[in-house]
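Written out below as structure tokens is the structure these notes cover.
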Amino acid sequence: GAGVSQSPSNKVTEKGKDVELRCDPISGHTALYWYRQSLGQGLEFLIYFQGNSAPDKSGLPSDRFSAERTGGSVSTLTIQRTQQEDSAVYLCASSLGTGYNSPLHFGNGTRLTVT
Amino acid sequence: KQEVTQIPAALSVPEGENLVLNCSFTDSAIYNLQWFRQDPGKGLTSLLLIQSSQREQTSGRLNASLDKSSGRSTLYIAASQPGDSATYLCAVSRRSGSEKLVFGKGTKLTVNP
């Protein structure tokens with residue numbers, strides 16, 4: 001597709017359930033980022049993938065959060081045992097990658113609501 | 001730790017006015033600075049990217065400047081239009097194995113017809 005695609009666009013889940021959020025980056029983009037945007041807060045970095053390198057997981061808030069990127073393309077962010085404070089918009093972005101000084105292209109996000 | 005601040009948090013102007021949005025960052029060792037626009041319920045759209053070696057970038061009615069030594073950037077919007085109403089975010093990246101961006105909280109701009 002022409003842009004970064006995220007699914008689902010909205011997700012409502014009960015506290016304690018696991019959720020999976022999906023991101024399809026722009027074809028040819030080797031770098032993929034996950035950010036979280038909470039109401040009234042700025043964007044919070046979660047995790048970064050670059051090619052076949054080990055991901056930068058330094059932004060993951062707890063061990064309930066994990067992400068993988070299969071085949072260097074599609075990425076899945078998994079939140080286990082969701083809590084109410086996990087409610088936020090989860091944004092995925094991709095770029096050409098390290099060294100290209102290229103802008104990030106964002107998807108429209110997944111709005112997660114934990115009840 | 002890099003911190004990015006945007007002032008003002010909100011701005012309301014009449015259509016046709018020229019305006020400036022401000023962004024400051026605490027660590028001048030940046031790789032690039034990007035300005036984004038976010039419309040309600042949408043993701044971010046990249047407007048301008050300034051590399052650390054550059055002083056400014058222009059796109060249409062938008063001009064972004066960068067003063068790395070003082071830790072400041074401005075986004076100038078000429079002849080504002082109601083369609084410019086959105087939240088504008090600036091972000092800086094430090095290349096240290098990953099080019100993750102540190103974002104400000106944004107300036108919410110309203111252009112009144």
| said: Of everything in the stretch B:90-105, what is facing chain A (nearest Cβ under 7 Å), buried (at least 21 other Cβ atoms within 10 Å of the Cβ) and at pLDDT 90 or above? Give them in sequence order. | reply: B:PHE103, B:GLY104
| query | Within the bounds of the stretch A:85-97, is there any residue that is crowded, with 19+ Cβ neighbours inside 10 Å and more than 14 Å from the chain's Cα centre (by Cα)? | reply | no
| Restricting to the stretch B:60-113, what's the tally of residues that are touching a Pro at 6+ places or on another chain (Cβ under 6 Å) and not β-branched (Val, Ile, Thr)? | 3
| remark: Restricting the stretch A:29-78 to residues that are among the basic types (Lys, Arg) and assigned to a strand (DSSP E or B), the one surrounded by the fewest Cβ atoms within 10 Å (Cβ to Cβ) turns out to be A:ARG69
| query | Within the stretch A:79-115, which residues are at the interface with chain B (Cβ under 8 Å from one of its Cβ atoms), farther than 17 Å from A:LEU60 by Cβ and hydrophobic (A, V, I, L, M, F, W, C)? | reply | A:LEU104, A:PHE106
| Residue list for the stretch B:61-84, restricted to those being in a strand (DSSP E or B) and of a type outside the set (A, V, I, L, M) | B:ASN63, B:SER65, B:ASP67, B:ARG72, B:SER73, B:THR74, B:TYR76
| request: May I ask you to list the residues in the stretch A:1-28 that are within 18 Å of A:PRO103 (Cα to Cα) and in a strand (DSSP E or B)? | output: A:SER5, A:CYS23, A:ASP24
| message | For the stretch B:62-113: of the residues being of a type in the set (A, V, I, L, M) and touching a helix residue (DSSP H, G or I) at 6+ places or on another chain (Cβ under 7 Å), which is farthest from B:VAL4 (Cα to Cα)? | response | B:VAL111
| remark: Just one listed residue, out of B:LEU62, B:LEU49, B:LEU66, B:LEU44, is surrounded by 15 or more Cβ atoms within 10 Å (Cβ to Cβ), of a type outside the set (Asp, Glu) and more than 22 Å from B:ALA9 (Cβ to Cβ), and it is B:LEU49
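The values are calculated or read from the model by the stated rules, or taken from the named source; none is laboratory data. Fair warning: this is a prediction, and the values are worked out from it, not measured in the lab. Every residue, glycine among them, receives a Cβ derived from its backbone with ideal geometry; neighbour counts consider all protein chains shown.
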